[in-house]
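These notes concern the structure reproduced below.
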Amino acid sequence: MALTTRISHPALCGTDREGTIRFYTGVLGMELVLRQPNLDFPTEEHLFFHVGNDNFIAYFVPVAGADLSIYEAARNGNGGMDHLALDVDTDQFVTAQARLRAANVAFEGPVDRGYERSIYFKDPNGVTVELLVWITPPPAGMSLAAVIAGAQRLREARGAALIEDEDVRAAVAELAGAAV
């Protein structure tokens, strides 16, 4: 059993404070629930966005007039964060694409990921964000970890390269049967 209970938040760094706030609240519709000085680095501000379902993203951004030369541009790859993935439901997946288009934010996708569909885009700080929707969302209250682990086991039994929606549906059915 894991010592931890959930991911509280990823903490990202960027240089575009106002653009970050506009993007996450205006384009992605998140609520900015905390905005205060960074207690560890006084030339930064700490932003805390509510993603939904009591999940959060923290952002540390320089205050007005701070020296920006100490910051490096976001980059994908080894030793860094590749992307930030956020779950959305089917309706919000469509809405998000429309909102990104309206805000002139280029995105890639939808990309077929076997049991989910994803779009990818950059936030104002160059961080890659993924919005993903499950093809067959697990029922409310069912552990996503249990569904993914069950789907993984079924995928391996099929000898398939990746989890497909059929694996998710079968794992959900197994878990629902076990709960009866």
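The values are calculated or read from the model by the stated rules, or taken from the named source; none is laboratory data. Please read all numbers here as calculations on a predicted model, not as lab measurements. Positions of Cβ are generated from backbone atoms using ideal geometry, with glycine treated the same way; all protein chains shown enter the neighbour counts.
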message: Can you pull out every residue in the range 30-47 that is crowded, with 17+ Cβ neighbours inside 10 Å and assigned to a strand (DSSP E or B)?
response: E44, E45, H46, L47
field: Residue identified as assigned to a loop (DSSP other than H, G, I, E, B) and not assigned by TED's automatic domain parsing to the domain that holds G26 among A157, A171, A151, A161
entry: A161
field: Residue pairs meeting the criteria (Cβ under 6 Å; at least 6 apart or on separate chains; first aromatic (F, W, Y), in the range 51-80; second at pLDDT below 90 and surrounded by fewer than 16 Cβ atoms within 10 Å (Cβ to Cβ))
entry: F56/H9
Criterion violated by I57 - all others in (1) part of a helix (DSSP H, G or I); (2) among the hydrophobic types (A, V, I, L, M, F, W, C); (3) out of contact with any Asp or Glu (no Cβ under 7 Å at 6 or more places or on another chain) satisfied: (1)
field: Residue list for the range 75-121, filter: acidic (D, E) and surrounded by 15 or more Cβ atoms within 10 Å (Cβ to Cβ)
entry: D87, E116
